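Each remark here refers to the structure printed beneath this line.
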Number of protein chains: 2
Amino acid sequence: MNGKLFLIPNTLGGEDTSVIPQHTAETAKAIKYFIVENERNARRYLSAIGLKGRIRELELFLIDKHERRPKYGAMLAPALAGADMGLISEAGCPSIADPGEEVVMAAHKQKIEVVPLVGPSSIMMALMGSGLNAEQFAFSAYLPIDQRKREDAISRLEAWALKTGQSQIFMETPFRNNQMLDSLLRVCQNETKLSLACDLTMKTEYIRTKAIQTWRNNPPNLHKRPCIFIVGK
Amino acid sequence: MNGKLFLIPNTLGGEDTSVIPQHTAETAKAIKYFIVENERNARRYLSAIGLKGRIRELELFLIDKHERRPKYGAMLAPALAGADMGLISEAGCPSIADPGEEVVMAAHKQKIEVVPLVGPSSIMMALMGSGLNAEQFAFSAYLPIDQRKREDAISRLEAWALKTGQSQIFMETPFRNNQMLDSLLRVCQNETKLSLACDLTMKTEYIRTKAIQTWRNNPPNLHKRPCIFIVGK
């Protein structure tokens, strides 16, 4: 009988693992084979949620984002041999805007049961906290880096949000957050709502939803703060 | 100084509260004023996560979905008077496909800090577990009940998923799940992927992603099992 592939959420970058449910930690601690993005971070995380002694005995398989033809199928060999495996994200939920999704699809193809565990999702926390429409929403990960292309993308997303009511969620690399905010304040209409959710689960957490014209009066400095942007009606 | 509005996720219907992080439980247990959908369920949940003795001292404000002009602003009076408040969902994350979002928006308008806490989100767990595109996805809550309208909606969502790669997530009332599955198997193309995630976090959890033509050979019975549907490329 095949082992299972457990999907193990990580913290959102904070040191405090009290945001990780006991069930998730206990499940992770019973696993020996992990698929991870960064070996050192994964070992540190497993140790932080209470894994003791066995850290060196773990077998870690690395997901290399830059590999041309990743051998995700082969990584699942321990599961095919009957052992449970864990997929750990660098932050938040594995496989959400994250390389893990191909591992999950490979597991389905090989009839390995996939078991998502509970943990922090910055997308869901930002949406919950925004007060914007959470019955109809879309997530677009990263918008283009080039300013003109980014502002075209923002215009399209805003037009769609205003027409359909669908809230538009996206992210930015933290050191480009202020350029993203500049673009939003330049491109969007006065009455359009913008929600910013920065440093989620941390002491510096900041969540605000305001109309674009209100944000223009006093734009916050988002530089290097992990942030989720939501544009809505 | 205003109190905060904490957004407190609930289990996905199971009795097992080990999926609720310690930080979420500890935060909830320190609160006296709650906004809830059902008083009895809320008290039972707070008791299950460890609230002791004070259950009768709590002040609960009810969200009535059927009320014409709900007084969400007035419900937040304790927060304006300096007390922390909690918004609890009946299942999963409050305000996601759930009446709470207007309370959250009222809090933003009154400059009450909104603090989302970590807990189960069936949408995120289903998406993580699907292996489908989780960089571009949309959630549409419920599709129309009328068969023809439902199948039109499915066709539109499928066409969009195939054109753009955006995974399409939606739900159904559990006693109509089999009609939804019938419609999906009738309307969608052979190669389109369908992921079903039922009974998440429960012992009967079932998550599978297959092509429509594979599902047609052996459709599962989803009757009365809470289920998230995802259509993707």
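How many nanometers, to one decimal and shortest first, lie between the label point of residue A:220 and those of its other copies, if labels sit 7 Å from Cα toward Cβ?
Values, ascending and in nm: 4.0.
For a 20 Å ceiling on Cα separation, which of these pairs sit above it: A:29/A:52; A:109/B:210; A:233/B:163; B:71/B:111; A:4/A:71; A:163/A:233?
Violating the 20 Å limit, Cα to Cα: A:233/B:163.
Please find the FRET efficiency linking residue A:54 to residue B:15, where r is the Cβ-Cβ separation and R0 is fixed at 35 Å, and quote it to the nearest 0.05.
Values: r = 31 Å, r/R0 = 0.88.
Using R0 = 35 Å, I get an efficiency of 0.70.
Go through the protein assembly as shown and flag any cysteine with no other cysteine's C-beta closer than 4.7 Å, please.
A:93, A:188, B:93, B:188
Mean residue ellipticity at 222 nm from the helices of chain A, using -39,500 (n - 2.57) per DSSP H segment of n ≥ 4 over the full residue count, to the nearest 500 deg cm²/dmol? Don't skip to the answer; put the middle values down first.
On the way: 9 runs with 79 residues, N = 233.
Value at 222 nm, helices only: -9500 deg cm²/dmol.
Every other copy gets compared here: list the nm distances from the residue A:44 label point (7 Å along Cα to Cβ) to its counterparts, shortest first, one decimal.
4.3
Work out the length of the dipole vector of the stretch A:146-233 about its Cα centre, built from +1 on the beta-carbon of each Lys and Arg and -1 on the beta-carbon of each Asp and Glu, and round it to the nearest 20 debye. Please report the intermediate quantities before stating the final value.
On the way: 15 positive and 9 negative charges, 12 e Å.
Roughly 60 debye, rounded to the nearest 20.
How big is the dipole moment of the stretch B:4-116 about its Cα centre under a simple scheme where the beta carbon of each Lys and Arg is +1, that of each Asp and Glu is -1, and everything else is neutral? Debye, nearest 20, please. Before the final figure, lay out each step's value.
Numbers: 15 positive and 15 negative charges, 76 e Å.
Here the stretch B:4-116 has a charge dipole of around 360 debye.
Report Rg (one decimal) and Dmax (nearest whole number) for the stretch B:1-78, counting Cα atoms only, units Å.
13.1, 37
Would you mind finding the longest exposed-site-free stretch of chain A, with exposed GluC sites (Glu not before Pro) meaning DSSP loop and at most 12 other Cβ atoms within 10 Å? Display every interim value, and only then the final one.
Working: sites that count: A:15, A:67, A:191.
That would be A:68-190.
Which trypsin sites (Lys or Arg not before Pro) does the stretch B:2-56 hold that lie in a coil by DSSP with at most 16 other beta carbons within 10 Å?
Details: sites: B:4, B:29, B:32, B:40, B:43, B:44, B:52, B:54, B:56; in loops: B:4, B:32, B:52.
For trypsin sites (Lys or Arg not before Pro) across the stretch B:2-56 that sit outside H, G, I, E and B with at most 16 neighbouring Cβ atoms in 10 Å, the list reads B:32, B:52.
With a ≥ b ≥ c the root eigenvalues of the C-alpha gyration tensor of the protein assembly as shown, is it rounded (a/c under 1.5), prolate (a/b larger than b/c) or oblate?
Details: a/c = 1.28, a/b = 1.20, b/c = 1.07.
Rounded, since a/c falls under 1.5.
Quick one: label points 7 angstrom along Cα→Cβ at residue B:175, distances to the other copies in nm, smallest first?
5.8
Each label point is 7 Å from the Cα along the Cα-to-Cβ direction; what then is the distance between the points at residue A:147 and residue B:39, in nm?
Using points 7 Å along Cα→Cβ, the separation is 5.9 nm.
Determine, from the Cβ-Cβ distance of residue B:66 and residue A:164 and an R0 of 22 Å, the FRET efficiency 1/(1 + (r/R0)^6), rounded to the nearest 0.05. Spell out each step's value before the answer.
On the way: r = 25 Å, r/R0 = 1.14.
For R0 = 22 Å, the calculated efficiency reads 0.30.
What are the semi-axes of the equivalent ellipsoid for chain A, taken as the square roots of 5 times the Cα gyration tensor eigenvalues, largest first, in whole Å? Present the calculation step by step, with values, prior to reporting the outcome.
Numbers: eigenvalues 268, 70, 47 Å².
For chain A, the ellipsoid semi-axes come out as 37, 19, 15 Å.
Residue B:32 label point, 7 Å along Cα→Cβ, cut-off 18 Å on backbone N: hits in the stretch B:77-91?
Output list for this probe position: B:77-87.
Looking at the calculated P(r) for the stretch B:118-233, what percent of the C-alpha pair distances fall above 18 Å?
Numbers: 2951 of 6670 pairs.
Every Cα pair in the stretch B:118-233 considered, those over 18 Å come to 44 percent.
Tell me the relative contact order for chain B as a rounded percent, counting alpha carbon contacts under 8 Å between residues six or more apart.
About 22 percent, as a whole number.
Quick check on the exposure proxy: order B:209, A:214 from fewest to most C-beta atoms within 10 angstrom. Intermediate results must be reported in sequence, preceding the final value.
Working: B:209 23, A:214 14.
In order of increasing Cβ crowding within 10 Å: A:214, B:209.
Which residue, B:220, B:36, B:209, has the largest displacement toward the positive end of the dipole of chain B when charges sit on each Cβ (Lys, Arg +1; Asp, Glu -1)?
Towards the positive end, the residue furthest out is B:220.
Find out how many positive minus negative residues lie around residue A:183, taking Lys and Arg as positive, Asp and Glu as negative, among other residues whose Cβ is under 12 Å from that of residue A:183.
Values: positive: A:148, A:149, A:150, A:176, A:186; negative: A:146, A:151, A:152, A:158, A:172, A:182.
After counting each charged neighbour, the total is -1.
For chain B, with a Gaussian network of springs between Cα atoms less than 10 Å apart, report the residue from B:89, B:122, B:18 with the top mean-square fluctuation.
So, out of B:89, B:122, B:18, the one fluctuating most is B:18.
Considering only B:8, B:93, B:83, whose Cα is most displaced toward the positive end of the charge dipole of the stretch B:1-104, charges sitting on Cβ of Lys, Arg (+1) and Asp, Glu (-1)?
B:83
Each value in this text was obtained by applying a stated rule to the coordinates, not by laboratory testing. Every value quoted in this text rests on a predicted model; they were computed, and no experiment measured them. With ideal geometry, Cβ positions are generated from the backbone for all residues, glycine too; neighbour counts draw on all protein chains shown.
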